[in-house]
Amino acid sequence: MTAAGYTGAGYLTIFPAGVTNPGTSSLNFGAGFAGSGWGNGFTVGLGTGANAGKVSIYVSNNGISTHVIMDITAYLQ
């Protein structure tokens, strides 16, 4: 996942759709690099039931905006 074109320091959290936000960050990005890209790799589960195969992404609630780029490279069972 990459944060690109962000307007200030913040974080993104990715988690399975349909579950409560875990309150942890998956990707942190700094204000000194605002406007550039900042990436991180991770493994995340997918939602089940009505949310099967989906993920949720939360952007820190501090007045910033960002674009999110996802590159899925594997599916693990």
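So, by mean Cβ neighbours within 10 angstrom, what's the order for 60-73, 13-26 with the highest one leading?
13-26, 60-73
For the stretch 53-59, just list the computed ³J(HN,Hα) in residue order, Karplus coefficients 6.51, -1.76 and 1.60, θ = phi - 60°, integers in Hz, with x standing in for Gly and Pro.
My calculation for the stretch 53-59 gives x, 10, 10, 10, 10, 10, 9 Hz in order.
What's the extension gain from residue 62 to residue 75 if we count 0.36 nm per residue and subtract their Cα-Cα distance?
Gain on extension, residue 62 to residue 75, equals 1.4 nm.
Read-outs throughout are calculated quantities, based only on the coordinates presented, and are distinct from any laboratory measurement. Bear in mind the structure is a predicted one, so any value in this text is a computation, not a measurement. Every residue, glycine as well, gets a Cβ built from its backbone with ideal geometry; the counts of neighbours run over all protein chains shown.
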